[in-house]
Amino acid sequence: MAVAPRPRAGAPRGSVRGPGSADKVVKSFCLYCAVGCGQAVYVKDGKVVQIEGDSDSPISRGRLCPKGSASLQLTTGGARRHQVLYRRPYGTGWT
């Protein structure tokens with residue numbers, strides 16, 4: 001029985017919105033916790049289309065935890081606020 005070779009960690013998985021259609025790849029890191037796992041952020045037309053683990057990162061070696069994997073939602077989620085909330089000192093409400 002022949003065994004297919006394993007893809008390298010962080011290799012594109014061929015999703016529809018995925019890295020195959022990206023204009024560029026930007027190296028970044030996850031901000032959820034203090035570990036700082038490396039991320040490969042795929043950008044097309046100025047918008048983030050995919051975030052994966054960075055296989056060049058010595059910390060995460062191409063892997064992301066579930067929170068890091070969901071970080072695409074931070075940039076594209078419908079619940080994301082696009083204006084700054086401000087509460088003046090001693091205030092009771094946000095403006």
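What follows draws every value from the coordinates through simple rules; no lab data is involved. Everything numeric here is computed off the predicted structure, so don't read it as measured data. A quick note on method: Cβ atoms are made from the backbone with ideal geometry, for glycine too, and the neighbour counts reach across all protein chains shown.
Things worth noting here:
- Sole exception among (1) over 11 Å from the mean Cα position of the chain (by Cα); (2) without any contact (Cβ under 8 Å) to a residue 12 or more places away in the chain for ALA70, by number: (1)
Conditions (1) out of contact with any strand residue (DSSP E or B) (no Cβ under 9 Å at 6 or more places or on another chain); (2) within 18 Å of THR75 (Cα to Cα); (3) not small (Gly, Ala, Ser), marked per residue:
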position	(1), (2), (3)
SER28	no, yes, no
ALA34	yes, no, no
ASP45	yes, yes, yes
SER55	no, no, no
